[in-house]
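Read the structure below first, then the notes.
The values are calculated or read from the model by the stated rules, or taken from the named source; none is laboratory data. In this text, all values refer to a predicted model and were calculated from it rather than measured experimentally. Cβ coordinates were reconstructed from backbone atoms using ideal geometry, including for glycine residues, and neighbour counts include every protein chain displayed.
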Amino acid sequence: MRIERLDLIRYGSFTDRSLAFRDGARLHLVYGANEAGKSTALAAIVDLLFGFPHAKEWDFLHEARALRLGASLVNRNGERISFRRRRGNKNTLLADDEGESPLRDDALLPFLGNLGREVFLSSFGLNSERLQDGARALLAEDDDGRGALFAAASGRHAIASVRKGLDEEAGQIFTDRRSKDRRFYQALTRYEDANRLMRERELRETAWKALNQDVERAQAVLEEATAALREHRARERRLQRQVSLAPRLTELAEAERALGELDDLAEVTAGAGRDLEDAVRALAEAEARERDARAALAEAEGALAAIRVNEAVLERAREIADLVSETGAYRQRLAQIPRVQAEADAHDEEISALLRRLGVSGSAGTGAGLTGEEFDRVFPGDAVLARLEEEIADGRKLAETLAVLSRRETEEQAALAAMDRRGTSDAISDPAPLASRFRALSPDLAGLDHADDLAARQKTLAREAEEAAARLDPPVGDIDRLASLPLPSAGEIDAHRLVLAEVREAIRRGEATRAERRALIERRAGMIAEAERGGDVPDAEAIRVARAARDAALSALPEVMARDGAGAGSALAEVARLTAVADGLADRALSEAERVSRLRAEREALMGERAELAENEKDLERLRDRKVDALGAWRKLFEPLGVTPTSPERMADWRRALEGLLAVRGEAAEYADRLAAMHEKAEALRPELAGLAEELGLEMQARERVRALARRVDDALSARRDAWSAERVEAGRRSDIEERLERMEAERAGCLRAQESWRARFGSTLLRIGLAEDDTLGAAEAALAAWRDLPGVVSARDHEARRVAGMRRDNRTFEDAAAGLVAALAPDLSDLAPADAVNRLNDLRETALADRTRRESAIETREKAVERAKACAADVKQASALLHEALARLPAHLGGRAIEDDPAPLLARLAERRELLAARDDSLRRFEEVADGLTREEAARELEGFDRDAAQADLQLLREGEEALTSAHGEATSAHQAALARRREAEMAEGAEKAAFDRGAAEEEMLETGREWSVLRIAGLMLDAALARHREAEGDPLLARAGEIFKTVTGGAYSGLSRALDEDDATALVARRADGGEILVRAREAAGHASGLSEGTLNQLYLALRLAFLTDYAERAEPAPFIGDDLFQSFDDARTANGLGALAGLSENLQPILFTHHRSVVDLAARELGEGLDLIEL
């Protein structure tokens, strides 16, 4: 998939900005300075393809809901889509038009495939920081060296940590060894404890029957107490009702008696009474308002008559106001006229001074005498002044040019003289042929650079081998013999370790179980002994024997009595004794049934546990025999090596140490062979190096090493090149100086001719401004400045003079207008200054205006008072009519002239009757509240013969008796609840129900933890299998492709990548140098870069692996563009150029886009890629 166009419609700081990505470009480079929006455009690509994140970003210019991005994409099948993306939870893909109709959520599936945001950022996005982090991750060792390769290639470094996390999480749940910290064994312990409690707590049949009888007896007592309390409270409520009803009936009778005294008002309805009251009140209020309105009318007429208005002033109020508005300007002009006149006089003086400087005399030689006509006559004109200014500039320029030429000629002649003094040396031959012959030897010489390192490494390895052999435990005698024998494999050692560990763990668990069982047997025996200390417990057999003895004595009694009458007494006493013994045993067995049952269960459990202990001892014996066999097989495994093994764990370390020792010895031998080959190659180079040294004039030294001779030859060649270059530079400099001197001489002659022509023009212009023809440039510049200043000063003088005349004219107009108004309206103000007189006239105007406003307001107030008085009179008339209508609706016996003149007594009686009716209704309501549904007649019958004092006494007795009944009921309730609680407690036998619940919960938790552990283990195994399959299928092809890219990004310094075994027999990544050398990428070496890659080369290696993965991905699926963000920030120019070439190489399979703010990257890309670069500037 490729991006053809990115539209930043409303996003971050962009509005309606579109970025086009040219088709066919090998690399798209997006360049922008800091704050140009590079980061914004980079984030826009991610949000466009995968949607806006939940957190609000990039909305600092546009509102979040208005954010819009757009693009045009094309996939490898040629399918295209143009769309927009908005912020939201659904329907975020929109059509690329103004309508923005929603697109399907899977519209981008043919272009992105199954890529998500996280995979895109980790695999198809890379910046400088992640590049360096990935390079450091390459140094992390894993099982076979391929995990780092896969992580680097795909950008996924978390797989190993995920695998480790799965194992740790599973280990928190379950391990082979029982531990209190493991969740499964915690649940198992709770299950076993709960199961034991349930077995110990069982309900006995006899006790259960007794508890049920207790509950039934308590239930009967409770029902009797409840019935007695209910009957008692019913009697109390009846007496209380009778006590409350008596006063209520009395209240009702009194209210009805009072209402009877006002029966003559019964025919007056409630509405008629209210109408009469409303009419009387309305008439009184209307009459009061009418009196207030008449008083207000009289007050308004008096106020209007007291107001007097100056009509003459009002007629000319506009003129007065106009003059008042000009008063400030008038006074300001009076103050400014002297100052402006002084400025005009100063300009006259300045004009006179300028004319004197210019030599102008006569009437035009003074400022006051320089009129406009005089100025036009003496002024030379702007054209003449402009020409003079140009000629002054030309003269200055010619003088400066001649001075510069003189200085430069002096400097060049001094340099030429210095060269002559140094003289010339013998000619030096071109060293290029000798350098070419030496370069031909460079590849072979480069291979000798590591000879010292190889020798040091060989010695270090030999020493490490000796030290490792000394550290072996158990020790080894003949290392060479041991190296020829097959060692036990790590799998065999681990298998024996597991067998021994399993046997030891089984023995440990068996001994722990034995100790637990012994402690349990001891505790149970103690419990039995404690229970038996309460006396012999009669069991069924003892009772049967006692009863048999009793029955035998009874059977023999008749025979004894018949045989011996004297012994009958003793026989009867024995029968009585045996009967008492048998009955006593039975009674004790019945009363101690629970203790009997518990002891029987404890004895049975004790027997079972002793049997289990015996079986446990047998198991331990078998396990010890198995341990002896396992140890014998373990020792036999190492007999061929002549070694007595220690523990499997230590022997596994011993085997690894031995393998490391053998590997170190082998590597030391390999280094020795490589050193010998290097020495042979060095001796082959000596004759050619000796020939070069002789031609360079070097003396040969005895027993000199080849590399030292090569360095001397290289230094001599460098000196020869420097001398030859210096000679050529000196000759070139001499030629250049001579050519420059000739050009400067010709330039000087031309300048002198131009200066002579200029002087003739300059003298003619000086005459036109009144100077002598041979005056200097300084005099000309001074005259020019004076002529330039003179027009401005004359113009300023004339402007000030016009201002003074205008201000005086305006003041005369103001004074004339003020005198006319004063004479017409207030002659007594004629002695005041014009401005003061106008202010006094303005006071008269404002007073007249205020009086007119008061008069208009008083007229309006009087008119409103007249209208209000008329309205109030109409209200009085209407209220009087309403009162007559209300009186007419009263019954005839209440009417009459007396009531019409004074209705107040009638109104008072009506109010009294309303209050009595309300009181009667309230009494009736209180009666109904306590009557319990009885009518007044039924209540009266119930109260016949009622004695209130006797009823009060009975109520007191009932209340006192209720306390006793309530207490008895409470005790019965408590006894019943206690019986129920005892039965419930016995039913679950002191927490057996909780034990059952705990056992179920523990069982459920064991199942759940088992499922969790299984899921985690299966996930880990699946992840291992998937990684193994991926490594086998992709590792080697991916490595080959990465090697080709690594060669490109290093500029050919490295030829490729491969794998090799390190000293720990583990697969490591190897970087192959162009000269045939190999470097292992290992963490412990790379930390100090000893025999490892430099930091910059590691970054290049990680980049090569990542690009190889992307190329491989692009061949199998629809790829996304590769986005690089300032990827080469830590690279120098050479590495950056190589990296740009590698990115451009991706263009056949996917679209590479690089963001940068470094101009140097742009220049390098343009130089390396030419037309293949698509530069997009923000």
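Quick check on my filter: what residues within segment 330-339 are surrounded by fewer than 18 Cβ atoms within 10 Å (Cβ to Cβ) and touching a residue at least 12 places away in the same chain (Cβ under 8 Å)? The answer is 331, 334, 336, 337.
Taking (1) surrounded by 13 or more Cβ atoms within 10 Å (Cβ to Cβ); (2) not in a helix (DSSP H, G or I) in turn, residue 701 satisfies each apart from (1).
Output the number of residues of segment 221-260 satisfying the condition of being of a type outside the set (D, E, K, R), touching a residue at least 40 places away in the same chain (Cβ under 8 Å) and within 24 Å of residue 925 (Cβ to Cβ). Let's see the steps before the verdict.
Looking only at segment 221-260, we keep the residues that are of a type outside the set (D, E, K, R), and these are 221-222, 225-229, 232, 234, 239-240, 242-247, 249-250, 252-253, 255, 258-260.
Filter once more, keeping what is touching a residue at least 40 places away in the same chain (Cβ under 8 Å): 221-222, 225-226, 228-229, 232, 239-240, 242-246, 249, 252, 255, 258-259.
In the following step, the residues that additionally are within 24 Å of residue 925 (Cβ to Cβ) were identified as 239-240, 242-246, 249, 252, 255, 258-259.
Within segment 221-260, residues that are of a type outside the set (D, E, K, R), touching a residue at least 40 places away in the same chain (Cβ under 8 Å) and within 24 Å of residue 925 (Cβ to Cβ) number 12.
Of all residues being loosely packed, with under 15 Cβ neighbours inside 10 Å and outside any helix (DSSP H, G or I) in segment 739-778, which is modelled with the lowest pLDDT? Just the residue, please. It comes out as 770. Among the candidates 250, 226, which residue alone is surrounded by fewer than 16 Cβ atoms within 10 Å (Cβ to Cβ) and in contact with a helix residue (DSSP H, G or I) (Cβ under 8 Å, 6 or more places away or on another chain)? Result of the check over 250, 226: 226.
Table: residues versus (1) closer than 17 Å to residue 636 by Cα; (2) within 53 Å of the chain's Cα centre (by Cα); (3) without any contact (Cβ under 8 Å) to a residue 60 or more places away in the chain.
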| site | (1), (2), (3) |
| --- | --- |
| 461 | no, no, no |
| 468 | no, no, no |
| 471 | no, no, no |
| 482 | yes, no, no |
| 499 | yes, yes, no |
| 505 | no, yes, no |
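For every residue, the table says whether it meets (1) in contact with a strand residue (DSSP E or B) (Cβ under 8 Å, 6 or more places away or on another chain); (2) in the same structural domain as residue 721 (by TED's automatic domain parsing); (3) surrounded by 13 or more Cβ atoms within 10 Å (Cβ to Cβ).
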position: 411; (1), (2), (3): no, yes, no
position: 437; (1), (2), (3): no, no, yes
position: 441; (1), (2), (3): no, no, yes
position: 460; (1), (2), (3): no, no, yes
position: 470; (1), (2), (3): no, no, no
position: 474; (1), (2), (3): no, no, yes
position: 478; (1), (2), (3): no, no, no
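Going by the structure shown, is residue 256 under 30 Å from residue 909 (Cα atoms), at pLDDT 75 or above and not assigned by TED's automatic domain parsing to the domain that holds residue 968? In short, no. Evaluated against (1) at pLDDT 80 or above; (2) surrounded by 13 or more Cβ atoms within 10 Å (Cβ to Cβ); (3) not aliphatic (A, V, I, L, M), residue 244 falls short on exactly one condition, (1).
Hey, any hits in segment 324-344 for a residue that's polar (S, T, N, Q), more than 30 Å from residue 798 (Cβ to Cβ) and part of a loop (DSSP other than H, G, I, E, B)? No, every residue in segment 324-344 fails to be polar (S, T, N, Q), more than 30 Å from residue 798 (Cβ to Cβ) and part of a loop (DSSP other than H, G, I, E, B). May I ask you to verify whether residue 784 is over 60 Å from the mean Cα position of the chain (by Cα) and either within 19 Å of residue 404 (Cβ to Cβ) or free of Cβ contacts under 8 Å to residues at least 40 places away in the same chain (or both)? No; evaluated as a whole, the condition is false for this residue.
If I filter segment 55-73 down to residues being in a loop (DSSP other than H, G, I, E, B) and not aliphatic (A, V, I, L, M), which single residue comes out as surrounded by the most Cβ atoms within 10 Å (Cβ to Cβ)? The qualifying residue surrounded by the most Cβ atoms within 10 Å (Cβ to Cβ) is 58. When 947, 921 are screened for being modelled with pLDDT of 80 or more, of a type in the set (D, E, K, R) and surrounded by 10 or more Cβ atoms within 10 Å (Cβ to Cβ), only 921 passes.
Do the conditions hold for residue 632, that is, is it surrounded by fewer than 18 Cβ atoms within 10 Å (Cβ to Cβ), part of a helix (DSSP H, G or I) and outside the structural domain of residue 498 (by TED's automatic domain parsing)? Talk me through it step by step, then tell me what you get.
Values: surrounded by fewer than 18 Cβ atoms within 10 Å (Cβ to Cβ): yes; part of a helix (DSSP H, G or I): yes; outside the structural domain of residue 498 (by TED's automatic domain parsing): no.
It is false that residue 632 is surrounded by fewer than 18 Cβ atoms within 10 Å (Cβ to Cβ), part of a helix (DSSP H, G or I) and outside the structural domain of residue 498 (by TED's automatic domain parsing).
Across segment 82-107, the qualifying residues are those that are assigned to a loop (DSSP other than H, G, I, E, B) and under 16 Å from residue 44 (Cα atoms), and the one among them that is farthest from the chain's Cα centre (by Cα) is 92. Among the residues of segment 17-33, the ones that are out of contact with any strand residue (DSSP E or B) (no Cβ under 6 Å at 6 or more places or on another chain) and either at pLDDT 90 or above or over 10 Å from residue 1178 (Cα atoms) (or both) come to 3 in all. Within the span defined as segment 676-692, every residue fails to be touching a residue at least 12 places away in the same chain (Cβ under 8 Å) and out of contact with any helix residue (DSSP H, G or I) (no Cβ under 9 Å at 6 or more places or on another chain). For segment 1135-1155, a tally of residues being farther than 16 Å from residue 1119 by Cα and in contact with a Leu (Cβ under 7 Å, 6 or more places away or on another chain) returns 7.
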